[in-house]
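Asker: My questions will all concern the structure given below.
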Amino acid sequence: AYMTSRGNLVAVVTNGTAVLGLGAIGPLAAKPVMEGKAVLFKKFSGIDVFDIEINERDPDKLVDIIASLEPTFGGINLEDIKAPECFEVEKKLKERLNIPVFHDDQHGTAIIVGAAVLNGLRIVDKDISKVKLAGSGAGASAIACLDLLVNLGMKRENIFICDSKGIIYEGRDKKLDPSKARYAQKTDARVLDDVIADADIFLGLSGPGVLTKGMVKKMADNPIILALANPDPEILPEDALAVRPDAIMATGRSDYPNQVNNVLCFPYIFRGALDVGATTINDPMKVACVHAIADLATVEPSDIVAKAYGGSNLQFGPEYLIPKPFDPRLIVRIAPAVAKAAMESGVATRQIPDMKVYRQKLLQFIFQTGTLMNPVFDQAKQAPKKVVYAEGEERKVLQA
């Protein structure tokens, strides 16, 4: 594959049954969204994309169509396929194909949520294995978030989830979807208000207004509230902070701090996977991605980010849990971490012998002058000189 364009080519595939904020609008109407996704892949990680809109709702037929495309692509990004069919489609494709298959609505969201939760808990000094989570929403994104949080150390018995019928509890439905059944609790609670008391984390992937001020008041000290419904969250940050100034808020919106945005993840996890010829994107690769994103937020912001987000608080803390999408360091942090995890977990078909050289190569996707200037930088490193800065206390000099 690395001898042809296949090694840098991803298919963004949808049947248009669950387009964010629009619902089941169909494949043709979903095309602009898929084209937008393709632009993000190219812009942030240099990956070429064909957007493919398929007029097929039957999961088995959809799997057959997508599977037949394997010779053309180095990876498949599934997009906007409704639950529970999306679980079945992804599972069957992973079993059949020898290239990465990644449902971004599930795992992209989960990875960013995981990074936000880890950093939120770091700020409030809480142990992920001891916190209680109350959630609203049990669709594809929500279940993927919960699965990854459990993988990161959260206890399943500390997770309480509501869907459209209320709390998911043991014995509620004879034909409860298996993905939901994993989180069925033995409890008398029936609605969100019954389980929100003393919750350390609220995870919302449902609809507007689900979380009330009264519920927020009942939460544990320094609660972490991820209200991710779009465009209107489960509770607005100003409403939550009005009753709980100690809360840490994240939403799916760009006009508030801590936007949970999948663009922090999908271009770079695919970059790392493609560069080692990974046959799948597995849990170790996702966990590596989570930690790379979380750790980047704790370091000093780059000059480029400071300029792009002038006026924003860019110091690690309650209003800066996760990096900004235009942070140019994302690719050199995430892609190598993912590639390394793929190699260590045995799913890479090619090895990267020198990670330092690989990181240098990734700079071409950030700075267009990189290819020209790299030889100059290499030559300069061979003959290091001492430089004295007369204005050493200046912020610009310190950043340099």
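Asker: What is the number of the single condition among (1) farther than 25 Å from residue 21 by Cβ; (2) among the hydrophobic types (A, V, I, L, M, F, W, C); (3) in contact (Cβ under 8 Å) with a residue 40 or more places away in the chain; (4) not in a helix (DSSP H, G or I) that residue 160 does not meet?
Answerer: (3)
Asker: On the basis of being surrounded by 20 or more Cβ atoms within 10 Å (Cβ to Cβ), under 18 Å from the mean Cα position of the chain (by Cα) and acidic (Asp, Glu), does residue 104 make the cut?
Answerer: yes
Asker: Answer with yes or no whether residue 124 is over 17 Å from the mean Cα position of the chain (by Cα) and at pLDDT 95 or above.
Answerer: Yes; evaluated as a whole, the condition is true for this residue.
Asker: I'd like the full set of residues that are buried (at least 17 other Cβ atoms within 10 Å of the Cβ) and touching a residue at least 60 places away in the same chain (Cβ under 8 Å), limited to region 12-36.
Answerer: 12, 13, 14, 15, 16, 17, 18, 19
Asker: So, one more: Just to be sure before I move on: is residue 198 on the phi > 0 side of the Ramachandran plot, charged (D, E, K, R), surrounded by fewer than 17 Cβ atoms within 10 Å (Cβ to Cβ) and assigned to a loop (DSSP other than H, G, I, E, B) in the structure I sent?
Answerer: yes
Asker: List the number of the failed condition for residue 72; all other conditions in (1) touching a residue at least 60 places away in the same chain (Cβ under 8 Å); (2) outside any loop (DSSP other than H, G, I, E, B); (3) in contact with a strand residue (DSSP E or B) (Cβ under 8 Å, 6 or more places away or on another chain) hold.
Answerer: Condition (2) is where residue 72 drops out.
Asker: Please find, within region 116-135, the residue that is farthest from residue 293 (Cα to Cα) out of those that are among the aliphatic types (A, V, I, L, M) and assigned to a helix (DSSP H, G or I).
Answerer: Ranking the qualifying residues of region 116-135, first place goes to 124.
Asker: Can you tell me which residue among 55, 77 is among the polar types (S, T, N, Q), touching a helix residue (DSSP H, G or I) at 6+ places or on another chain (Cβ under 8 Å), buried (at least 19 other Cβ atoms within 10 Å of the Cβ) and modelled with pLDDT of 95 or more?
Answerer: 77
The values are calculated or read from the model by the stated rules, or taken from the named source; none is laboratory data. Model, not experiment: these values are computed from the prediction. So basically every Cβ, Gly included, is an ideal-geometry build from the backbone, and we count neighbours across all protein chains shown.
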